[in-house]
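Report on the following structure.
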Amino acid sequence: MKKYPEQALGLEDRINNVNIVGTSSGESNFIFFVDINNLPYLIKINGVGGKDVSFFRAEYDKLKSLERYQIAPRAFVYDDASFTFPFMVLERYDGRTLKDTECDKRADELVSILNKLTEILPHQIINSEGFKRDIKSCREYVEIFPRHAHSQLIEYERRIGRDETYNLVMKSHYNVRRLIGESLNLFDGTELGLIHTGIHPKNIILSSDNTLHLIDWEHAGVGDRAFEISSLFRSNQLSQETQEEMLDIYKGKTGLFEQRVNLYTELFKVHEVLWHAIRVDKVRKGEIRLTRGKDESYYQSLLEVHVKNLHKSKLSN
């Protein structure tokens, strides 16, 4: 850190002390919590088995593009030359991740954050670094899902073969196309917007001043805001009453919004099965660095839950 000029890290004085105050590791990243001149920073390293380097770089570019809106951590440095793996230096929010049981109680604050995202017009960022994508409408956005599922199915067959789960997903995948075709009217009068797509407790920091902050913007993009709300409802322990209250005060609704939320919820059941099945296979083959409490049985149990959900879905009929 000391080799960087103080301006690169947003400091006014030269760097005179760097202290590692904690570490954390996920499946693909190593994290160091660092104090530089007694100010909080985070070093994120794309480790062995990490994301594609271009995807990792895009996360940094997205944060730089969002900096002027003050809704995401600041990104200071991207370095792919000084260490074995690329890394970035980011602003660190001092605090802790939200507990699963706290999301329902802080629903109003979560909606407030989402409403700030709706104030950013899509044309302001759609051509910004990290966000560039050839999508012009919500109708084009929904077509991403069957295309991505097709790629996942190819990987599933290569890894696991055509077993019972594969056949279930193939049938559901076919029905996804049909369901989208029957639902095209839901995309009349819709507008694209900035979406985070991963709002769950592990990506929400409760800071020391009792404020909520969103982290991990790697999957953020310009897309259908109904997918954002579908993801929010799927990923948090929110009561039906809370979900309805959040919908009432959310400012990003366009077109037949609630029907599209339900549509994305159905479509994503296919991806949940494919993603977790491939994850289980990667664990078995040692392609994922296991973390504390996340062994093969952990991933297998998640897969079983999502297979049951897909069996219950109208997509499997």
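The values are calculated or read from the model by the stated rules, or taken from the named source; none is laboratory data. Note that the coordinates shown come from a computational prediction; the quantities given were computed from them, not determined experimentally. Cβ coordinates were reconstructed from backbone atoms using ideal geometry, including for glycine residues, and neighbour counts include every protein chain displayed.
Observations, loosely collected:
- Given (1) outside the structural domain of ALA226 (by TED's automatic domain parsing); (2) in contact with a strand residue (DSSP E or B) (Cβ under 9 Å, 6 or more places away or on another chain), number of the condition ARG68 does not satisfy: (2)
- Residue count for segment 208-260, restricted to those that are under 16 Å from ASP108 (Cβ atoms) and among the hydroxyl-bearing types (Ser, Thr, Tyr): 4
- Selected residue [of a type in the set (A, V, I, L, M, F, W, C), loosely packed, with under 15 Cβ neighbours inside 10 Å, touching a Leu at 6+ places or on another chain (Cβ under 9 Å) and in the same structural domain as LEU263 (by TED's automatic domain parsing)] from LEU121, LEU39: LEU121
- Flag if GLU266 is modelled with pLDDT of 95 or more and charged (D, E, K, R): yes
- Selection status of SER54, outside the structural domain of GLU119 (by TED's automatic domain parsing), exposed (fewer than 15 other Cβ atoms within 10 Å of the Cβ), at pLDDT 90 or above and under 19 Å from the mean Cα position of the chain (by Cα): yes
- Of all the residues in segment 141-169, those that are of a type in the set (A, V, I, L, M, F, W, C), part of a helix (DSSP H, G or I) and either more than 25 Å from the chain's Cα centre (by Cα) or not assigned by TED's automatic domain parsing to the domain that holds ASP224 (or both) number 1.
- TYR156 vs. criteria over 30 Å from GLY189 (Cβ atoms), without any contact (Cβ under 8 Å) to a residue 24 or more places away in the chain, surrounded by 12 or more Cβ atoms within 10 Å (Cβ to Cβ) and touching a Phe, Trp or Tyr at 6+ places or on another chain (Cβ under 8 Å): no
- Selection within segment 72-117 - out of contact with any Pro (no Cβ under 9 Å at 6 or more places or on another chain), hydroxyl-bearing (Ser, Thr, Tyr) and free of Cβ contacts under 8 Å to residues at least 60 places away in the same chain: THR84, SER112
- A single entry from SER301, SER316 fulfils the requirement of being at pLDDT below 95, polar (S, T, N, Q) and more than 20 Å from LEU194 (Cα to Cα): SER316.
- If you filter segment 180-197 down to residues that are closer than 25 Å to GLY130 by Cβ and surrounded by fewer than 19 Cβ atoms within 10 Å (Cβ to Cβ), you find that the one that is nearest to the chain's Cα centre (by Cα) is THR197.
- With respect to (1) buried (at least 17 other Cβ atoms within 10 Å of the Cβ); (2) out of contact with any helix residue (DSSP H, G or I) (no Cβ under 9 Å at 6 or more places or on another chain); (3) not small (Gly, Ala, Ser), the lone exception for ILE144 is condition (1).
- Among (1) touching a strand residue (DSSP E or B) at 6+ places or on another chain (Cβ under 7 Å); (2) under 18 Å from HIS219 (Cβ atoms); (3) not in a strand (DSSP E or B), the one test that GLU27 misses: (1)
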